[in-house]
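The values are calculated or read from the model by the stated rules, or taken from the named source; none is laboratory data. Here the structure is a predicted model, which means the values were calculated and not measured. We place every Cβ from the backbone using ideal geometry, glycine too, and count neighbours over all the protein chains shown.
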Amino acid sequence: MVRKSEFLWNSIASIVASMLNAVLLLFCTRINGTEMAGMFSISFTTSVILNAIGDYGIRIYQVTDSKRNYKFVEYIALRIVVVSIMLAIGIAFVIISGYDTTKLSITILLILFRVIDNLSETYQGEFQVNGRLDLGGKSVVIRNGIAMIMFLIADIITKNIIVSCTILFLTNLLIFLLFDIRLIKKFNQDKIIFTKDVIINMLKECFPVFLSTILSLYITNAVKYAIDIVSTYEMQTYYNIIYLPAFTINLASLFIIKPMLKVLGDIWNKKQYKQMKKVIAKISGLILIVMILVEIVCFTIGTQILSFIYGVQLNEYRIDLCLLVLSGGLYALTVLFLYVLTTMRRQTIATIGYIITSIFALILPKILVEKYNMLGASMSNVLINLVLLIILIVNFYICYKKDKKN
């Protein structure tokens, strides 16, 4: 089972990670203005989507690999390969997109920040496998916490978002070298192995999870790109501000789900089917409780709090805010069922659901944003996540019944 210290540090890490976008956007809005904040926000979104390439579903596979089919050094070799691909695609994307120098620089620096995050994820996975999830939590808290502080100091002094993003990346890199790489020697001192056949096999096995993850991020951010196409940077800033409580639910839910990954893997491999359903029901219930609590706060004083913090008028967006919180809860549940299907090694079936939903997400947001503006953006998020959740739950029950019979 998960020790209290592991759960505590993972919870703190999830909260800090969930604050990253909100805090950086706050600094940027206050110091650099709403237009620059809108540019920073869409660049941050691009880095989050590309982050799925560097993630590649490796952490889920690594932690649920109860039989230890692959070694840590093989997982880190795979991670180096995929983050290299992520960086190359990111650079190509910003060049092809015709970004101006400022937007190009911000996006690439944020992608580099994500490269370090992904490398750290593999080390955190090894800590978790060895019963030290708390070390992974400490890594996230220290890196993100200090990086945010350094970003703020740099932005106050220079009022230059490119310099601030450079400091953000370099701080993340330095702490990764001093913390993660130093501590891993306590658990594993083997040298990194680049074995072509092993890497190819791991790429194949993790590919459905990767595809689901990247489509999930596209689905989550499709509305932002619709706004980028048909509206203004100012609306982009307002949308990202009122989306923050939903985004916080998405990431904060990981402090409930992540510690249970190894537990889910062990339960499933032991064929404890009833226990599996109980754990899933418990996690789902906790996510719904969090969502309801956030809804109550947002409906009563949410826009007033956000208006005060960000220094912009948001009172007219209360309904939009509540809809986005609902979509955040639905999205958190879709993440849970993706992880469950991956634990069951039925990730390919989950991917089909993400493909169907991404087609839906490609069309709907642009239509609704053009017609209803912010309300259309909020409605799009709810409908997209609801469709995906229904598909995943149906697939889970089909797979569960089949495996239980065998």
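Just to confirm my filter: which helices (runs of 4 or more DSSP H) fall fully inside the range 140-241 and include at least 1 residues that are touching a residue at least 60 places away in the same chain (Cβ under 8 Å) and among the basic types (Lys, Arg)? I'd like the intermediate steps shown before the answer.
Details: elements: 161-178, 180-183, 196-230.
In the range 140-241, the matching helices (runs of 4 or more DSSP H) lie at 196-230.
Those residues that are of a type outside the set (A, V, I, L, M), at pLDDT below 90 and either farther than 30 Å from residue 280 by Cβ or not assigned by TED's automatic domain parsing to the domain that holds residue 244 (or both), I need them from the range 308-350; list them, please.
The initial filter retains those residues of the range 308-350 that are of a type outside the set (A, V, I, L, M), namely 308, 310-311, 313, 315-318, 320, 322, 327-329, 331, 334, 337, 339, 342-343, 345-348.
Restricting the remaining residues to those that are at pLDDT below 90 gives 308, 310-311, 313, 315-317, 339, 342-343, 345-348.
Across the range 308-350, the qualifying residues are 308, 310, 311, 313, 315, 316, 317.
Would you pick out the residues in the range 66-91 that are over 21 Å from the mean Cα position of the chain (by Cα) and either at pLDDT 95 or above or of a type in the set (S, T, N, Q) (or both)? Step through it out loud before you land on a result.
Here is the first cut: in the range 66-91, the ones over 21 Å from the mean Cα position of the chain (by Cα) are 66-74, 77.
Those that are over 21 Å from the mean Cα position of the chain (by Cα) and either at pLDDT 95 or above or of a type in the set (S, T, N, Q) (or both): 66, 69.
Within the range 8-18, does at least one residue satisfy the condition of being surrounded by fewer than 23 Cβ atoms within 10 Å (Cβ to Cβ) and over 25 Å from residue 145 (Cβ atoms)?
The answer is no, given that none of the residues of the range 8-18 is surrounded by fewer than 23 Cβ atoms within 10 Å (Cβ to Cβ) and over 25 Å from residue 145 (Cβ atoms).
Looking at (1) more than 24 Å from residue 217 (Cβ to Cβ); (2) buried (at least 16 other Cβ atoms within 10 Å of the Cβ); (3) within 22 Å of the chain's Cα centre (by Cα), find the lone condition where residue 318 falls short.
Answer for residue 318: the failing condition is (3).
Table: residues versus (1) in contact (Cβ under 8 Å) with a residue 60 or more places away in the chain; (2) under 21 Å from residue 229 (Cα atoms); (3) of a type in the set (Val, Ile, Thr).
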site	(1), (2), (3)
30	yes, no, no
57	yes, no, no
92	no, yes, no
107	yes, yes, yes
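Residue 50 - would you say it is touching a residue at least 12 places away in the same chain (Cβ under 8 Å), aliphatic (A, V, I, L, M) and either more than 21 Å from residue 250 (Cβ to Cβ) or buried (at least 21 other Cβ atoms within 10 Å of the Cβ) (or both)?
Values: touching a residue at least 12 places away in the same chain (Cβ under 8 Å): yes; aliphatic (A, V, I, L, M): yes; either more than 21 Å from residue 250 (Cβ to Cβ) or buried (at least 21 other Cβ atoms within 10 Å of the Cβ) (or both): yes.
Here the answer is yes, as residue 50 does meet what is asked.
On the given criteria, is residue 327 closer than 16 Å to residue 227 by Cα and surrounded by 22 or more Cβ atoms within 10 Å (Cβ to Cβ)? Don't jump to the end; show me each part of the working.
Details: closer than 16 Å to residue 227 by Cα: no; surrounded by 22 or more Cβ atoms within 10 Å (Cβ to Cβ): yes.
Here the answer is no, as residue 327 does not meet what is asked.
Which residue, of 255, 194, 207, is over 23 Å from residue 370 (Cβ atoms), surrounded by fewer than 20 Cβ atoms within 10 Å (Cβ to Cβ) and under 18 Å from the mean Cα position of the chain (by Cα)? So that I can check it myself, show each step before the final result.
Numbers: 255 fails: surrounded by fewer than 20 Cβ atoms within 10 Å (Cβ to Cβ); 194 fails: under 18 Å from the mean Cα position of the chain (by Cα).
Going through 255, 194, 207 in turn, the sole match is 207.
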